[in-house]
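J.: Below is one structure. I have some questions about it.
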Amino acid sequence: MAVKSEKEELPQEIKPFFLDFDEREIDAAAEALRRILRSGQLILGPYTREFESEFAKYARKRFAVALNSGTSALEVMLTAHLAHGKRVAVPSNTNFASVAAILRTGGDPVYMDMTQEYFVPNADILSSVVERYDIDGVLWVHIGGIIAPDFLEVVEYCRSNGLFLIEDAAHAHGSQFKGIKAGSYADGSAFSFFPTKVMTTIEGGMIVTDNEDHARLARSLRNQGKRDGDYGGLHYDLGSSWRISEISAYLGLVQLAKLDRMIDARAEAAHRVTRLLSKKGVGYCDTSHMDRASNYKLIVRLPPDKPVSVVKEALAKKGIICGGGVYDVPCHQHPVFKDIPYAKDELRATETWCPRHVCPPVTSGLKTGEAERIAQALVDVLSPA
């Protein structure tokens with residue numbers, strides 16, 4: 001009987017990221033690039049305008065303005081809401097960009113804790129922070145694509161108390177709750193199209209808003225503060241070079257056209273994984289309260305005797321490669337933010353759960369049987385010894 005080599009016995013890896021472009025779409029993108037290069041218009045052209053129009057329709061907002069990154073989109077929204085000199089509540093459990101954008105626009109970040117159940121704040125956490133710190137505005141992050149069950153209360157609370165509310169929807173393309181899509185609840189929102197996101201333009205971002213003045217300002221800020229036109233003219237606003245390229249806008253149109261299908265595939269994969277996790281008592285952040293979840297990240301909570309490094313290594317041996325968490329290190333623990341004050345006892349859940357979770361590779365590219373492999377591997381690794 002032939003003996004299998006060690007290489008043959010290694011399980012096939014399931015990777016955490018999947019670039020959802022098929023060969024037909026890649027060929028069409030190559031042809032689009034030829035057209036763009038031959039036209040000589042590499043920015044602020046027809047693909048950018050079409051991408052903005054189609055994204056506004058998808059988000060159910062009047063205006064969408066494309067930029068070169070989600071970070072730029074956040075800065076634009078905070079500038080539009082006059083964040084300079086104001087205290088802005090933001091989760092510590094978020095990407096660097098959320099907090100950095102507040103600082104860059106002259107605001108003062110005030111950290112909010114999160115809940116164990118959803119890894120996002122809730123209305124009680126927000127009201128406590130507002131009452132304690134005299135908050136002027138809120139930058140809310142839909143971590144992993146999860147819209148908090150009481151987010152409508154959050155929206156009403158902000159409106160009743162005169163607080164601006166910006167949605168950081170970088171993870172939440174297509175997430176929907178109570179008939180409303182992420183990015184459409186508040187006073188404006190920012191999306192990211194970074195390569196790891198639910199949909200990508202390679203690099204890119206988008207703001208959506210119903211406020212015409214904010215949309216006009218966004219178009220000016222992305223283009224070095226030129227209000228009067230795309231080229232030439234005077235500089236009125238202290239903008240930057242935050243334009244999206246035409247090829248990125250084209251890729252955005254391709255991805256947007258199939259976004260619902262990609263989300264449906266993620267949802268099916270997440271359901272297959274969580275069905276077994278639920279049966280075996282493995283904790284995870286449930287999205288069943290939502291109409292639809294982007295499932296950018298499936299957040300699996302770890303018991304205290306199962307360190308992240310040990311779990312990831314054990315899963316890797318089974319061919320299950322986990323990507324980054326959301327987030328392994330919260331913002332208040334990063335050296336760059338060391339001067340932002342915070343009270344440790346106000347971030348207890350954040351400090352407990354950021355280092356105690358993993359995000360298995362749930363993507364729109366999972367093949368038949370791979371979701372079950374992921375689920376079984378998680379159960380095997382997380383079951384008591």
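J.: Helix-only mean residue ellipticity at 222 nm, the chain, DSSP H runs n ≥ 4 weighted -39,500 (n - 2.57), per residue, nearest 500. What is it? Don't skip to the answer; put the middle values down first.
T.: On the way: 13 runs with 148 residues, N = 385.
Taken over the chain, the calculation gives -12000 deg cm²/dmol.
J.: Next question, about the same structure. Mind checking which lysines have their C-alpha under 30 Å from Lys57, skipping anything on the same chain fewer than 8 residues away?
T.: Qualifying lysines at Cα under 30 Å: Lys178, Lys181, Lys197, Lys226, Lys258, Lys297.
J.: In nm, to one decimal, how far is the modelled label at Gln12 from the one at Arg38, with both set 7 Å along Cα→Cβ?
T.: Placing both labels 7 Å along Cα→Cβ, they lie 3.9 nm apart.
J.: Shifting gears a bit: Which of these, Ala218, Ala28, Ala371, has the largest mean-square fluctuation under a Gaussian network model of the chain (Cα springs below 10 Å)?
T.: Comparing Ala218, Ala28, Ala371 in the GNM, the peak value goes to Ala28.
J.: Turning to a different aspect of this structure: Give the accessible area for Thr105 in Å² (nearest 10); use a 1.4 Å probe, count only protein heavy atoms, and leave out ligands, DNA and RNA.
T.: 20
J.: Here is a further query. Mind checking the log10 I(q)/I(0) for the stretch 70-199 at q = 0.23 Å⁻¹? Debye, one equal scatterer per Cα, no solvent, two decimals.
T.: -1.58
J.: Show me, for the stretch 127-141, the HN-Hα J-couplings you get by feeding each phi into the Karplus relation (A = 6.51, B = -1.76, C = 1.60, θ = phi - 60°), rounded to Hz, glycine and proline as x.
T.: Running phi through 6.51 cos²θ - 1.76 cosθ + 1.60 with θ = phi - 60° gives 5, 5, 5, 4, 5, 7, 10, 6, 6, 9, x, 9, 10, 9, 10 Hz.
J.: Solvent-accessible area per residue for the stretch 187-315 at a 1.4 Å probe radius, Å²? Display every interim value, and only then the final one.
T.: On the way: 5600 Å² over 129 residues.
So the stretch 187-315 comes to 43 Å² accessible per residue, rounded to a whole number.
J.: From the phi of every residue in the stretch 108-119, what ³J(HN,Hα) in whole Hz does the Karplus formula 6.51 cos²θ - 1.76 cosθ + 1.60 yield, where θ is phi - 60° and glycine or proline is x?
T.: These are the phi-based 3J(HN,Hα) values: 10, x, 10, 6, 10, 7, 10, 9, 5, 5, 10, 6 Hz.
J.: Which of the trypsin sites (Lys or Arg not before Pro) found in the stretch 310-360 are loop residues per DSSP with 16 or fewer other Cβ atoms within 10 Å of their Cβ? Walk me through the intermediate numbers first.
T.: Values: sites: Lys312, Lys317, Lys318, Lys338, Lys344, Arg348, Arg356; in loops: Lys318, Lys338, Arg356.
Of the trypsin sites (Lys or Arg not before Pro), the ones in loops of the stretch 310-360 whose Cβ has at most 16 other Cβ atoms within 10 Å are Lys338.
J.: Same structure again: Per residue of the stretch 37-51, in order, report the coupling 6.51 cos²θ - 1.76 cosθ + 1.60 (Karplus, θ = phi - 60°) as ³J(HN,Hα) in whole Hz, putting x for Gly and Pro.
T.: Per-residue couplings from phi come out as 5, 5, 6, x, 9, 9, 9, 6, x, x, 5, 4, 5, 5, 4 Hz.
J.: Quickly work out the Ala316-to-Glu25 label distance, labels modelled 7 Å from Cα along the C-beta direction, and quote it in nm with one decimal.
T.: According to this spin-label approximation, the distance is 2.9 nm.
J.: Hey, another quick one. Keeping all protein chains in place and using 1.4 angstrom, which order do Ser288, Ser127, Ser189 fall into by accessible surface area, from largest down? Could the numbers behind the result be given before it?
T.: Working: Ser288 90, Ser127 25, Ser189 0 Å².
Sorted descending by solvent-accessible area, the residues read Ser288, Ser127, Ser189.
J.: Moving on to the next point. Once you've got the GNM for the chain with C-alpha springs shorter than 10 Å, pick whichever of Gln116, Gln224, Gln333 has the biggest mean-square fluctuation.
T.: Ranking Gln116, Gln224, Gln333 by mean-square fluctuation puts Gln333 first.
J.: Quick check: residue separation of Asp124 and Ser53 times 0.36 nm, minus the Cα distance between them. What number comes out in nm? Could you put the intermediate results ahead of the total?
T.: Working: separation 71, 0.36 × 71 = 25.56 nm, distance 3.66 nm.
21.9 nm is the gain from fully extending Asp124 to Ser53.
J.: If I build a Gaussian network model for the chain, linking alpha-carbon pairs within less than 10 angstrom, which residue out of Arg272, Arg24, Arg243 has the largest mean-square fluctuation?
T.: Greatest mean-square fluctuation among the candidates belongs to Arg24.
J.: Shifting gears a bit: Tell me the carbon and sulfur percent of the accessible area for the stretch 246-293, rounded to whole percent, probe radius 1.4 Å.
T.: Values: 960 of 2060 Å².
Solvent-exposed carbon and sulfur of the stretch 246-293 make up 47 percent of the total.
J.: Find the relative contact order for the chain and round it to a whole percent, using C-alpha pairs within less than 8 Å whose residues are 6+ positions apart.
T.: Computed over the chain, the figure is 23 percent.
J.: Same structure again: Quick one: how many Å² of Glu203 are accessible to a 1.4 Å probe, rounded to 10?
T.: It works out to around 90 Å².
The values are calculated or read from the model by the stated rules, or taken from the named source; none is laboratory data. On a predicted model such as this, the values are computed, not experimentally measured, just so you know. Heads up, the Cβs are rebuilt from the backbone with ideal geometry, glycines too, and the neighbour counts pull from every protein chain shown. These area figures cover heavy atoms from the full protein model, side chains too; ligands, DNA and RNA do not enter into them. Shrake-Rupley method; radii C 1.70, N 1.55, O 1.52, S 1.80 Å.
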